[in-house]
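Down below is the structure, laid out as structure tokens.
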Amino acid sequence: MTDNMLMSLLQTLSDLTGVSGNETAVRSVIKPLVQDHVNELRVDALGNLITLKRGTGETPLRVLVTAHMDEVGLMVVGHTSDGGLRAESVGSLDARLLPGLHVWVGKDKLPGVIGLQAIHRARGNTKVTPVDKLVIDIGTSSKDEAQSAAPLGTPVTFATSFREMGAAVTGKAFDDRAGCAILVALLQGERLPCDVYGVFTVQEEVGLRGAQVAAYAVEPDVGFALEGTIADDLPKPKEERDVSPTTELGKGPAITVMDRSYTTPPRLLSHVLKAAAAEGIPYQLKQPGISGTESGGITRARGGVPAITLAVPCRYIHGPRALLRPDDVENTLLLVRAAIASLTPETLAFT
């Protein structure tokens, strides 16, 4: 799959809405993209889209590859007397980014704006307003109108559209629609030596829930989590210039050695690094061990599953507009395919 095809796919997925627990729109688009390229396809009770692409039989391994469909956002939890919406965050959001933003409310994308007092009245008050103190304005003027338009539990997403920006692209939910695009491309490609269970998961942003359920059901020998991860490679203040960035754009997929949810088994890490070297695929090691990924859910399934996370570096993730490089997406696809193609039972065995 070419860069242009991958970016077209990413655009389609990025522009969809899918706050954790409300991934239906994303799943409904992905399903027809993969159903003719896999041998089995089903949706489990939690909402995971589980597929099986049988291998050539050369290697008797069951490989799980996950990418989460959900994105961070907000949920309506109350209504004000003058028609505003009260909301709470779903997943990790920075309250500093929210005031004044244009948002979509509900599956029909009702337009709204997160209210902010005019600067003329702020009078020097620069404190960050907590999420639960913000009000979403949807143009209604009474509590009844607001309740009718956006009942309790209605999801709210950033009103951001995908676009090109120089050598990069920007859009919302690259964490993890970038991973979803890569997994779609992997499943649409040629068969690999082993069976591949490609799972588009739910509720990653609220606790890695979908991945853990999927890994329990699939019983894989090994797991690969495809992600969008932090790229904080912007110019830094003088006092921070000796601090290494977590990842950098344009330097290839980020491989996680350890984060707050799991540690990559050294034998699996070594295998992936050798696969990258053999194919001439650029890569970088994510640092330091922050955040959490679906590998953390996969490793805990049943008797334990070795897992590794391969991620696309993205600036400004969990915000209204992320930014990534198309070549990083393409190289992540190349790396996960190369790593799976060269897997053997001996790769995973303790010595």
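The values are calculated or read from the model by the stated rules, or taken from the named source; none is laboratory data. The structure displayed is predicted, hence computed values, not measured ones. Cβ atoms come from the backbone with ideal geometry, glycine included; neighbour counts cover every protein chain shown. Ligands, DNA and RNA are stripped out before the accessible areas are found, and what is left, the full protein with its side chains, is counted by its heavy atoms. Shrake-Rupley method; radii C 1.70, N 1.55, O 1.52, S 1.80 Å.
Summary of computed values
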item: Set Ile317, Ile340: member being surrounded by fewer than 24 Cβ atoms within 10 Å (Cβ to Cβ) and of a type in the set (A, V, I, L, M); result: Ile340
item: Flag if Ala278 is more than 17 Å from the chain's Cα centre (by Cα), open to solvent by 60 Å² or more (accessible area, probe 1.4 Å) and small (Gly, Ala, Ser); result: yes
item: Check on Ser81, surrounded by 19 or more Cβ atoms within 10 Å (Cβ to Cβ), among the hydroxyl-bearing types (Ser, Thr, Tyr) and over 22 Å from Thr309 (Cα atoms); result: no
item: Residues satisfying the stated conditions in the stretch 293-351, i.e. modelled with pLDDT under 95, over 21 Å from His68 (Cβ atoms) and among the hydrophobic types (A, V, I, L, M, F, W, C); result: Leu348, Ala349, Phe350
item: Residues being more than 13 Å from the chain's Cα centre (by Cα) and assigned to a loop (DSSP other than H, G, I, E, B) - total across the stretch 172-204; result: 6
item: Members of the stretch 283-305 that are in contact with a helix residue (DSSP H, G or I) (Cβ under 6 Å, 6 or more places away or on another chain) and over 19 Å from Gly210 (Cβ atoms); result: Tyr283
item: The stretch 283-292, subset modelled with pLDDT of 90 or more and assigned to a loop (DSSP other than H, G, I, E, B), residue most open to solvent (accessible area, probe 1.4 Å); result: Tyr283
item: Some residue of the stretch 221-231 being under 17 Å from Leu249 (Cβ atoms) and either of a type in the set (Gly, Ala, Ser) or free of Cβ contacts under 8 Å to residues at least 60 places away in the same chain (or both); result: yes
item: Long-range neighbours under 6 Å by Cβ, at least six apart or interchain, first residue within 22 Å of Val105 (Cβ to Cβ) within the stretch 145-171, second basic (Lys, Arg) and open to solvent by less than 30 Å² (accessible area, probe 1.4 Å); result: Phe158/Lys172; Thr160/Lys172
item: Unmet requirement for Phe200, which otherwise passes all of (1) among the aromatic types (Phe, Trp, Tyr); (2) open to solvent by less than 10 Å² (accessible area, probe 1.4 Å); (3) farther than 18 Å from Thr51 by Cα; result: (3)
item: Residue selected from the stretch 3-49 under the condition open to solvent by less than 10 Å² (accessible area, probe 1.4 Å) and assigned to a strand (DSSP E or B), by the criterion farthest from Val105 (Cα to Cα); result: Leu49
item: Any hit, the stretch 64-73, residues being over 25 Å from Arg325 (Cα atoms), open to solvent by 60 Å² or more (accessible area, probe 1.4 Å), of a type outside the set (S, T, N, Q) and not in a helix (DSSP H, G or I); result: no
item: Unmet requirement for Gln203, which otherwise passes all of (1) at negative phi; (2) touching a Gly at 6+ places or on another chain (Cβ under 7 Å); result: (1)
item: Where Ser261 falls short, out of the listed (1) under 19 Å from the mean Cα position of the chain (by Cα); (2) modelled with pLDDT of 90 or more; (3) not in a strand (DSSP E or B); result: (2)
